[in-house]
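Working notes for the structure below.
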Amino acid sequence: MTNGLKVHSLAANQEESSHFVYVENGQAMTDSRSIADKFGKRHADILRSIKTIECSPEFTERNFALSEYMDKSGRKNPYYKVTRDGFVFLITGFTGREAARFKEDYIAAFNQMEIQLQALASAPASPLFISEEAFTQMKERVQEVEQQLDHVFKEVTLKTVEQKRLHAAIGHRVILLANSPSRRPGVYRQLYRAIYTEFEVSSYRDIRKEDLEKALHYVGAWRP
């Protein structure tokens, strides 16, 4: 399989986890299906992002485990189990408002997981029992992830000055294409819809920093 990942099968009747973040073998995990659901994206797109992610084979092996699930028709389909580090690496490819909303869900899920782990700590016979030392390390790791995500969300999308630059380019293009002021609102709407479709965003402010020049070129060449 891709990147030499090991495949772990799921039983057909295994229940899907009701939580985005869950504990497996004492490790906090999520998976590609949950990520797709949270972002409102196609699972196939999330699989593609993971398969083409630019990181070392060692990092991929540690943080993305290829697995399988059965759909209602009994057909086996691939998905990935993703560690916290893998999630943080993958989230850098998502943008703006969706990423911010997802961060809130992610942190809330970790907080809920901590409550559950505290309850498990009083039941040593539980197969999910985690030592006090491991639990402390997990809480520290959650704080580290929060800090990493704060940095990601500040760096991945356009800054205010870059937003103004793109907005000005949009206005300039509309004026060139619509000599009559009465036509401009319609052209604005067409151009914004084209930008949202081309860059898969819900606002021009959510365009990634690395796509700014591409967006400026796109606006400069666009025609209704």
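None of the figures in this text is laboratory data; all of them are computed from the coordinates on show. This one's a predicted model, so the numbers in the text were calculated from it and none came from an experiment. Positions of Cβ are generated from backbone atoms using ideal geometry, with glycine treated the same way; all protein chains shown enter the neighbour counts.
Structural remarks
- In this calculation the C-beta distance from Thr197 to Asn77 is compared with R0 = 25 Å, giving a FRET efficiency of 0.35.
- Calculated FRET efficiency for the pair His172/Asp45, C-beta based, R₀ 35 Å, to 0.05: 0.60
- Inter-probe distance in nm under a simple model that places probes 7 Å from Cα toward Cβ, at Lys209 and Gln27: 3.0
- Taking label points 7 Å from Cα along the Cα-to-Cβ direction, Glu54 and Lys164 give a separation of 3.0 nm.
- Taking a ≥ b ≥ c as the square roots of the eigenvalues of the alpha-carbon gyration tensor, the range 152-224 is classed prolate because a/c is 1.5 or more and a/b outweighs b/c.
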